[in-house]
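Participant: Below you'll find the structure I mean.
Values in this text are rule-based calculations from the coordinates and carry no lab data. The model shown is predicted, which means the values in this text are computed figures rather than measured ones. When we count neighbours, we look across all protein chains shown, and the Cβ atoms used for this are built from the backbone with ideal geometry, even at glycine.
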Amino acid sequence: MKGGKGNLILIVMTGWLCILGSFAYWFEMDTRREEKRKALTTANAFFQQVVTSRQWNASHGGVYVPITTETQPNRYLPIQGRDLTADNGLKLTKINPSYMTRQIAELAIKNESGIHFHLTSLKPIRPENKATEWEQRWLKSFEQGVREQGEFFEDGESTWFRYMAPLLTGPECLKCHVQQGYKEGDIRGGLSVSLPYPPHTHLHLIAGYGSVAVLGLIFIFIGTTLYERKQRLFDATFNSPVPTCVTDKNHTILMANESYRTEFGPLPDHQKTIKCYEHRPGISCHTADCPLTRIMGGSNQYAYETIKEMDGVSRHFIVTAKPLLDARGMVVGSVENFQEITERKRAEEALEESNRKLESLSNTDGLTGIANRRRFDEVLAQEYARHARSGTELSLILMDID
Ligand code: HEC
């Protein structure tokens, strides 16, 4: 019994944790998907902004800016007219889109926006533009047709969302990139954007689901213990030595205890059902005295004496029927118990018989069996009393027959 209880609690608790675990997993995955979707949109907006300014630059075939210590001529741009001196003597140099992007990226870092841009390619002209390991992986996937990539990652200190999309070779790019064999529509490289994110913490998740899990476990423990206790009480009552049987309103036997089955025979297997009038036919079956009919008719308790012929022997029972109620208190059948009184009945009958014998012994003559003087006195007293009540005549004949 104890083992059974432990198992039930364990099964219910495991089930609860599994359900909650799957829900937490599903919810976490959904939250992550949503977070990623938002991060992708944000990163893509930054990407588009930089791409637009690059296109603007490329559409002019590069733009001239004053040469300063920070902005030195680009040694990777060996075109004629790269450097100029303006009428006022100001020295200018041409900034190609890639150079411009680099400067924007440096500015973004200087401004502490936290956003990192990186222009890269699988075939870089400038060695510093070489793709990192993950950029290489993604650039290759773009060659396979992937349109963008993004993922959260931890670098030990903080959480980042890194994003990358391909930079396609447009007609304006060919001015400078046609020498490398690129044609319109080719993937020239990619621009990666890394956005800082607050670290992914599972603390709130663990605290939230943990407390729900513990609360659930406590409820399950209390509930199962109460249920088990009720079940044990029920078993103790139901499995008493008094044969007991539960019948639904259609006369189908729902359950019966061991004593009942010993007394009236086994019940059919689980799949099959049997009616009470088939299992233990009796004189009250199909009459108004059927206890179930009485109970369904509104009786709170119905007790009656019955005789059942079993294996050729008449056995006497006192049957007590009580209503079987559902959760809403509606009567849905009856609970009957059978108290056998065959022995008591026999004893009563034997007592009556011996009383009768004793009486006749005391009223008859031992030798002839004819009524004796005691009997005469009794009958005279009886008849006299009748005469006194009715006022009729009373005759007494005295005869001597020897
Ligand atoms: C005015 C010339 C010029 C134009 C126009 C131009 N580029 Fe470049 N691009 C360069 C030079 C020079 C480099 C290499 C050095 C550097 O980083 O500046 C470069 C580098 C790059 C890189 C980085 C990888 C590497 O090779 O180092 C990418 C990607 C790129 N260009 C894409 C484009 C795209 C796309 C366009 C059209 C929107 C374009 N470029 C237009 C001159 C140009």
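Participant: Nothing charged except the Cβ atoms of Lys and Arg (+1) and of Asp and Glu (-1): what's the magnitude of the dipole of the chain about its Cα centre? Round to the nearest 20 debye.
Facilitator: It comes to approximately 2340 debye.
Participant: In whole Å, what is the distance between the alpha-carbon centres of the range 112-150 and the range 187-212?
Facilitator: Each part's Cα centre sits 21 Å from the other's.
Participant: Now for a separate question. Using only the Cα atoms of the chain, build the gyration tensor, take square roots of its eigenvalues as a ≥ b ≥ c, and label the shape rounded, prolate or oblate: rounded if a/c is under 1.5, else prolate if a/b is larger than b/c, else oblate. Numbers along the way, then the final one.
Facilitator: On the way: a/c = 6.63, a/b = 6.08, b/c = 1.09.
Prolate, since a/c reaches 1.5 and a/b exceeds b/c.
Participant: I want to verify a result. In a Gaussian network model of the chain, Cα cutoff 10 Å, which of these has the top mean-square fluctuation: G181, G189, G62?
Facilitator: G181
Participant: May I ask which residue of W56, T224, A347 lies farthest towards the positive end of the charge dipole of the chain, with charges of +1 (Lys, Arg) and -1 (Asp, Glu) on Cβ and the Cα centre as origin?
Facilitator: It is W56, whose Cα lies furthest towards the positive end.
Participant: Counting only complete DSSP H runs, which helices of the chain cover 30 Å or more along their long axis at the Cα atoms and score a mean Kyte-Doolittle of -1.0 or above?
Facilitator: For the chain, where a helix must reach 30 Å along its axis and average at least -1.0, the hits are 2-59, 203-238.
Participant: I need the shape label for the range 88-246. Rule: rounded when a/c is under 1.5, else prolate if a/b > b/c, else oblate, with a, b, c from the alpha carbon gyration tensor.
Facilitator: Verdict is prolate for the range 88-246.
Participant: OK, next. I want to verify a result. In a Gaussian network model of the chain, Cα cutoff 10 Å, which of these has the top mean-square fluctuation: A256, A385, A236?
Facilitator: A385
Participant: Out of M399, N337, Q382, whose Cα points farthest toward the positive end of the dipole of the range 299-402 (charges: +1 Lys, Arg; -1 Asp, Glu; placed on Cβ)?
Facilitator: About the Cα centre, the residue reaching furthest to the positive side is N337.
Participant: Right, something else. Please work out whether the range 73-164 counts as rounded, prolate or oblate from its C-alpha gyration tensor, where a ≥ b ≥ c are the square roots of the eigenvalues and a/c under 1.5 means rounded, while otherwise a/b larger than b/c means prolate and anything else oblate? Let's see the in-between values first.
Facilitator: Details: a/c = 3.28, a/b = 1.74, b/c = 1.89.
Here the range 73-164 falls in the oblate category.
Participant: Need the list of aspartates and glutamates near K345 for cross-linking: C-alpha distance under 13 angstrom, and skip anything on the same chain fewer than eight residues off.
Facilitator: E305, E353
Participant: Next question, about the same structure. What number, in percent, do you get for the relative contact order of the chain if the mean sequence gap of Cα pairs under 8 Å and at least 6 apart is divided by its residue count?
Facilitator: 10
Participant: Still on this model: In what sequence do R375, R328 fall when counting other Cβ within 10 Å, fewest first?
Facilitator: Lowest count first: R328, R375.
Participant: Hey, which lysines would be in cross-link range of K94, C-alpha to C-alpha under 16 Å, not counting anything within fewer than 8 residues on its own chain?
Facilitator: K175
Participant: Quick check: pseudo-label points 7 Å beyond the Cα along Cα→Cβ at S314 and K38, how many nm apart are they?
Facilitator: Inter-label distance under the simple model: 8.8 nm.
Participant: Further, regarding this structure: Please report the projected area of the range 358-402's Cα convex hull averaged over all directions, in nm².
Facilitator: For the range 358-402, the mean projected area of the Cα convex hull comes to 3.9 nm².
Participant: Which entries in the list K272/K322; K91/K123; K230/K272; K272/K308 go over 30 Å, if you measure between the two C-alpha atoms of each? Provide the component values of the computation, followed by the final result.
Facilitator: On the way: K272/K322 25 Å; K91/K123 32 Å; K230/K272 28 Å; K272/K308 24 Å.
Beyond 30 Å: K91/K123.
Participant: Apply 1/(1 + (r/R0)^6) to the Cβ-Cβ distance of T262 and R328, taking R0 = 45 Å, and write down the FRET efficiency to the nearest 0.05.
Facilitator: 0.85
Participant: Related question: GNM on the chain, C-alpha springs below 10 Å: top fluctuator among N300, N74, N88?
Facilitator: N88
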